[in-house]
Amino acid sequence: MSDAALTACLWPLDRREDLLARLGLAAGIRALGPADRFELTYAEVAPTFSPRARAEAPAVIRVGAGAGALVGVVGYAGARVRLLAPNGNVVACEVASLSALMRGPAEAAARAGLEATVRGAGFTGARGASVCDALLVAAFGADRVAEGTRLRRASPSMAAALRAAGIGRRIAAAAGGYLAQLGLLVMLWWMVGARALGTGASSVRSGWIVVVAALVAARLISAWTAGRVAIDGGAVLRNRLLHGILALDSELTRATGVGQLMGRVVDTEAIESLALGGGLAAAVGIFELATGIAIVALGIAGRGHLALVAAWGALALVLCLQVQRALERWSAQRLTLTHDLVERMVGQRTVVAQEAPELHHRDEDRVLATYAEAGRALDRAVVRLTVIVPRGWLIAAVAILARDLPGIAAHPGAFAASLGGILFIYSALRKLAQAFPSLGAAVIAWRNVAPLFAGGETAVLAGETAPAHASPGPSAAVPVAPAPSAGALIAARDLGFRYPGRAESVLADCSFDIRRGDRILLEGPSGGGKSTLGALLCGLRAPTSGSLRYDGVERGALGAQSWRARVGAAPQFHENHVFSASLLFNLLLGRAWPPRREDVLEAEAVCRELDLGPLLARMPSGLEQLVGESGWQLSHGERSRLYIARSLLQPLSVRVLDESFAALDPETLERALACVLRRAETLVVIAHP
């Protein structure tokens, strides 16, 4: 069924993480991102891999019946597949051999009888084999024969993503178009002036049509390029935001509150629309401002106008600072208003039940009044900026130019240049004044949503810096933690944790070893740090001090995803969830979907061992019964056992059960505990004394 080369490329299941890391190097992926899980059906691998199946490479695929084995697919080339062997070599094998290995368990019982039937029908040789394959595809085509994990490159940095989208080239093209427009405008002004004074040649008089046509073309090209910058840049921003949100630490988002998080997510639209739109307008204004300054310097009142530009620039800076301060106050009030609104909507029933009716809207009125006053202050600051700066410049510059009216006849060109420069600067100041509030709002929005783009454990939405493993200074005394004991599966040394915003640590100087096969009961009073320690063990939180190792490998070196693939938890009841889906889906959240037949059988067996058999009997659809808010309602004890079963059905080395047995009666507790002790190799149970 498989040749010797293919057999030599099979990996044991317990080396999955090692295979993933080595496969990434073999495929040229230096930084791995979140992996994608997929399934392959019989039809997709028979008789050779379909284009969709080949597109999943590089990937780690589980093959074979029962526990099976793993293969690391580097890539495909025609009828050959490149596989990574356990010795590190990349071996080329026949795709047909790999296909036969995957199809074997599904067709084993049917192939012999089917081949005999095909021969009896008179089909022999290659034709008989084709007929047999077609019948097998018709019979087993939708059956899943393998499941795998496709490797992805880590998300590129913001700058790299923008470069890949061609934003830099388009910005350069747009800038070139605007420069061309300015040059053509200057030329058009010169032609109009020459025509008005009657000094232009016939070619100059007719050339303005060509200049106008070129100006229209340059403007259209610049506008189209600027639009593509806005569209493509916005797509990069949204994609980056999605990756960042999915990588956020759930504990930090929980501490922030849904209202604050919602307000910050809304700010992402401001970054896209305000930064890109206002940025393009500001870029045009800067070009026009530079051109206008150069023109007025050559005009009839060059010194006076240059002095006025300097004075007006200082005034504009003062007004911009006032607008920015007003924007910051208004933005802070808006976030507060959004947070209060969402939190009050969530707790509306409590407010109605516990608060006097005349007090229901007292706080809302106060917050709304503060927000309205911040909005009025912002409007006044924006009006001062957008009215005083451009119009004041125009009045003052024309007044300076009026002093030199007697010299117009002697220097008509210089006068025309001064007038054109004044109008250029006026247009530039008007664009810049209108764009600044948008740019200021985008800066504030970026400051609010930067943690969402960063994601990961260092993202702090509450406005504080996440605790990190900072390198000690030269004078700092570095404590030397004792090495983990030999054979320790999890080793903690001087482990500590402090919540952001709190002065005291929840845990400090915790040192212990958990060996393979240990059964540990962790007891303590409420608020003593039991659940926090469980979250540290499972990788849901990062320690603020000390070290935590799995099989001798530091948590940071192993990575959060790899750590959580080895150590998992059934959190407390209020932190766990039943999704509105089938009971089977809720049980097999830690496995591939759709499930294999052996997954379904194991899920049913675990349920019966946890004394959920009567529940399955009552449900009309059994494991396929819809549960959750819009389905079958589970009792507190049934939910607790569902969470235990979900943990037992995950391929974990260490399990942490946090208050999982609290809602069970003594008889059910005894049966559930017996099931857990049979199925959990290494176990930590958190409970009240």
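Given the criteria touching a Phe, Trp or Tyr at 6+ places or on another chain (Cβ under 8 Å), in contact (Cβ under 8 Å) with a residue 60 or more places away in the chain and more than 30 Å from residue 649 (Cα to Cα), does residue 137 qualify? When the stated conditions are applied, residue 137 passes them. Just to be sure, is residue 493 at pLDDT below 85, outside any helix (DSSP H, G or I) and not hydroxyl-bearing (Ser, Thr, Tyr)? Criteria not met by residue 493.
Residues checked against (1) acidic (Asp, Glu); (2) loosely packed, with under 13 Cβ neighbours inside 10 Å; (3) without any contact (Cβ under 8 Å) to a residue 60 or more places away in the chain:
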position: 102; (1), (2), (3): no, no, no
position: 105; (1), (2), (3): no, no, yes
position: 112; (1), (2), (3): no, yes, yes
position: 115; (1), (2), (3): yes, no, yes
position: 122; (1), (2), (3): no, yes, yes
position: 125; (1), (2), (3): no, yes, yes
position: 152; (1), (2), (3): no, no, no
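For the stretch 74-93, a residue qualifies if it is closer than 20 Å to residue 18 by Cα and either in contact with an Asp or Glu (Cβ under 8 Å, 6 or more places away or on another chain) or of a type in the set (Val, Ile, Thr) (or both), and the qualifying residues are 74, 90, 91. Residue-level check: of (1) farther than 16 Å from residue 544 by Cα; (2) surrounded by 15 or more Cβ atoms within 10 Å (Cβ to Cβ); (3) modelled with pLDDT of 60 or more, residue 519 misses just (2).
Listed conditions (1) under 33 Å from the mean Cα position of the chain (by Cα); (2) in contact (Cβ under 8 Å) with a residue 60 or more places away in the chain are all met by residue 606, apart from (1). Within the stretch 558-568, is even one residue under 27 Å from residue 531 (Cα atoms), touching a residue at least 40 places away in the same chain (Cβ under 8 Å) and assigned to a loop (DSSP other than H, G, I, E, B)? No, that holds for no residue. Any chance the stretch 104-119 includes a residue that's within 29 Å of residue 19 (Cα to Cα), among the small types (Gly, Ala, Ser) and out of contact with any Asp or Glu (no Cβ under 8 Å at 6 or more places or on another chain)? Yes: one or more hits. Only one entry in 73, 81 is outside the structural domain of residue 602 (by TED's automatic domain parsing), assigned to a strand (DSSP E or B) and more than 28 Å from the chain's Cα centre (by Cα), namely 81. Candidates are the residues of the stretch 423-452 that are closer than 19 Å to residue 312 by Cβ and among the basic types (Lys, Arg); the one that is nearest to the chain's Cα centre (by Cα) is 431. With respect to being outside the structural domain of residue 143 (by TED's automatic domain parsing), within 18 Å of residue 658 (Cβ to Cβ) and buried (at least 17 other Cβ atoms within 10 Å of the Cβ), residue 588 falls outside the description. Out of 197, 151, 114, one residue alone is aliphatic (A, V, I, L, M) and either in contact with a Lys or Arg (Cβ under 6 Å, 6 or more places away or on another chain) or modelled with pLDDT under 75 (or both). It is 197.
Residue 131 meets each of the listed conditions (1) of a type in the set (A, V, I, L, M, F, W, C); (2) more than 15 Å from residue 48 (Cα to Cα); (3) in contact (Cβ under 8 Å) with a residue 60 or more places away in the chain apart from (3). Among the conditions (1) at pLDDT 75 or above; (2) within 30 Å of residue 571 (Cβ to Cβ); (3) not charged (D, E, K, R), the only one that residue 289 does not satisfy is (2). Inclusion of residue 163 among residues that are more than 24 Å from residue 291 (Cβ to Cβ), part of a helix (DSSP H, G or I) and modelled with pLDDT under 75 is not warranted. Within the stretch 569-587, the set of residues being among the aromatic types (Phe, Trp, Tyr) and part of a helix (DSSP H, G or I) comprises 573, 585. All of (1) more than 29 Å from residue 62 (Cα to Cα); (2) over 34 Å from the mean Cα position of the chain (by Cα); (3) not aromatic (Phe, Trp, Tyr) hold for residue 626 with one exception: (2). Is there a residue in the stretch 356-365 that is within 29 Å of residue 402 (Cα to Cα), surrounded by fewer than 20 Cβ atoms within 10 Å (Cβ to Cβ) and at pLDDT below 80? No.
The values are calculated or read from the model by the stated rules, or taken from the named source; none is laboratory data. Quick caveat, the model's predicted, so the values are computed rather than measured. Because the Cβ atoms are built from the backbone with ideal geometry, glycine has one as well, and the counts that use them run over all protein chains shown.
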